[in-house]
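Have a look at the structure below before the remarks.
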Amino acid sequence: MDKSIRKIYDMMYSPIITPYNLLENAKVDNYNYVKYYKSDDGLISEMECEIESEKTIFYYYFDSKDFLQKIYMDVNGEKDILFTREDAIDDAKQEYYQKKPNCKVAI
């Protein structure tokens, strides 16, 4: 299977990572905590860790099927989006269409 098609498929139909996978981070020395709580759309995993002596909080947003939807990083009150499933799907499609010269981009 073409790598680009596989990537599109994975972004659309794979959980990528589950809340259960993140629990292992609690065992890593530079992580201070891993906690979970409900949101209107699913589950949020919040993890605080220290990166280069700076406290960083990561927020992983999962839908009701435990599919990862977004990842945010908060450093000193500044939030940055690291991942959104929508953007990952769009990027994978763009990559596929760029390899196919006769395809029109219709996202």
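The values are calculated or read from the model by the stated rules, or taken from the named source; none is laboratory data. All values reported here derive from a predicted model rather than from experimental measurement. Cβ placement follows ideal geometry from the backbone for every residue including glycine, while neighbour counts extend to all protein chains displayed.
Against the definition (under 14 Å from THR84 (Cα atoms) and without any contact (Cβ under 8 Å) to a residue 60 or more places away in the chain), how does LYS70 come out, yes or no?
Yes; evaluated as a whole, the condition is true for this residue.
I need the full set of residues from the stretch 48-78 which are over 30 Å from TYR9 (Cβ atoms) and among the basic types (Lys, Arg), in order please. So that I can check it myself, show each step before the final result.
Here is the first cut: in the stretch 48-78, the ones over 30 Å from TYR9 (Cβ atoms) are 48-57, 74-78.
If the condition is that a residue be over 30 Å from TYR9 (Cβ atoms) and among the basic types (Lys, Arg), then LYS55 is the only one that fits.
Within the stretch 36-53, can you find the residues that are assigned to a strand (DSSP E or B) and either in contact (Cβ under 8 Å) with a residue 12 or more places away in the chain or of a type in the set (Phe, Trp, Tyr) (or both)? Full working, then the answer.
Here is the first cut: in the stretch 36-53, the residues assigned to a strand (DSSP E or B) are 36-38, 42-51.
Of everything in the stretch 36-53, those that are assigned to a strand (DSSP E or B) and either in contact (Cβ under 8 Å) with a residue 12 or more places away in the chain or of a type in the set (Phe, Trp, Tyr) (or both) turn out to be TYR36, TYR37, GLY42, LEU43, ILE44, SER45, GLU46, MET47, GLU48, CYS49, GLU50, ILE51.
Filter the stretch 6-32 for residues that are within 11 Å of PHE62 (Cβ to Cβ), outside any helix (DSSP H, G or I) and not aliphatic (A, V, I, L, M) and give the result.
PRO15, THR18
Just checking, how many residues over the stretch 61-81 are out of contact with any Pro (no Cβ under 9 Å at 6 or more places or on another chain) and in a strand (DSSP E or B)?
So the answer is 13.
Hey, among ILE71, ILE44, which residue is closer than 30 Å to LYS99 by Cα, modelled with pLDDT of 95 or more and surrounded by 16 or more Cβ atoms within 10 Å (Cβ to Cβ)?
Working: ILE44 fails: closer than 30 Å to LYS99 by Cα.
After ruling out the rest, the residue left standing is ILE71.
Looking only at the stretch 7-32, which residues are in contact with a Cys (Cβ under 9 Å, 6 or more places away or on another chain) and surrounded by fewer than 15 Cβ atoms within 10 Å (Cβ to Cβ)?
Selection gives VAL28, ASN30, ASN32.
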